[in-house]
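Colleague: Handing you this structure, nothing more for now.
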Amino acid sequence: MYDRVSKRNWPAISPLRGGKCGGCHLKVSSEAESGSRSADPAQMGICDQCGRILYWDFA
């Protein structure tokens with residue numbers, strides 16, 4: 001998945017801050033937000049707009 005995303009968007013992995021993707025800065029769905037908080041790799045958070053892989057930013 002990382003290889004596929006990195007060909008389109010750099011960086012391929014972005015933080016999720018305030019319900020917005022750190023890459024495109026657009027609001028993501030609640031499903032993408034909960035996926036970024038999950039420890040289960042099968043429920044990875046993906047930005048609905050740009051397709052970047054999201055991770056939960058604690059700050």
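Colleague: For residues that are surrounded by 12 or more Cβ atoms within 10 Å (Cβ to Cβ) and farther than 14 Å from C47 by Cβ, tally how many sit in region 2-19.
Modeller: Qualifying residue count, region 2-19: 0.
Colleague: Something else now. Report the residue count in region 11-22 for those that are within 10 Å of the chain's Cα centre (by Cα) and either closer than 9 Å to L54 by Cα or modelled with pLDDT under 90 (or both).
Modeller: 7
Colleague: Using beta carbons and a limit of 7 Å, which pairs, at least six apart or on different chains, have the first residue in region 44-59 and more than 12 Å from G18 (Cα to Cα) and the second one among the hydroxyl-bearing types (S, T, Y) and surrounded by fewer than 19 Cβ atoms within 10 Å (Cβ to Cβ)?
Modeller: Partner pairs satisfying both residue conditions: D48/S29; I53/Y2.
Colleague: Out of everything in region 19-30 that is touching a Ser or Thr at 6+ places or on another chain (Cβ under 6 Å) and outside any strand (DSSP E or B), what residue ends up being farthest from D3 (Cα to Cα)?
Modeller: The first filter runs over region 19-30 and keeps only residues touching a Ser or Thr at 6+ places or on another chain (Cβ under 6 Å), leaving 21-23.
When the remaining residues are screened for being outside any strand (DSSP E or B), the result is 22-23.
Numbers: G22: 19, G23: 17 Å.
Filtering first and then ranking leaves G22.
Colleague: Now a separate question. Which condition breaks for A39 when tested against (1) without any contact (Cβ under 8 Å) to a residue 40 or more places away in the chain; (2) closer than 11 Å to Y55 by Cα; (3) among the aliphatic types (A, V, I, L, M); (4) in contact with a strand residue (DSSP E or B) (Cβ under 9 Å, 6 or more places away or on another chain)?
Modeller: Of (1) without any contact (Cβ under 8 Å) to a residue 40 or more places away in the chain; (2) closer than 11 Å to Y55 by Cα; (3) among the aliphatic types (A, V, I, L, M); (4) in contact with a strand residue (DSSP E or B) (Cβ under 9 Å, 6 or more places away or on another chain), only one is false for A39: (4).
Colleague: So, one more: Considering region 31-59 alone, what residues qualify as being part of a loop (DSSP other than H, G, I, E, B) and either modelled with pLDDT under 90 or under 8 Å from the mean Cα position of the chain (by Cα) (or both)? Spell out the reasoning first.
Modeller: First, the residues of region 31-59 that are part of a loop (DSSP other than H, G, I, E, B): 38-40, 44, 47-52, 57-59.
Result: S38, A39, D40, M44, C47, G51, R52, D57, F58, A59.
The values are calculated or read from the model by the stated rules, or taken from the named source; none is laboratory data. These numbers come from a predicted model, not from an experiment. Reconstructed Cβ throughout: ideal geometry from the backbone, glycine too, with neighbour counts over all protein chains shown.
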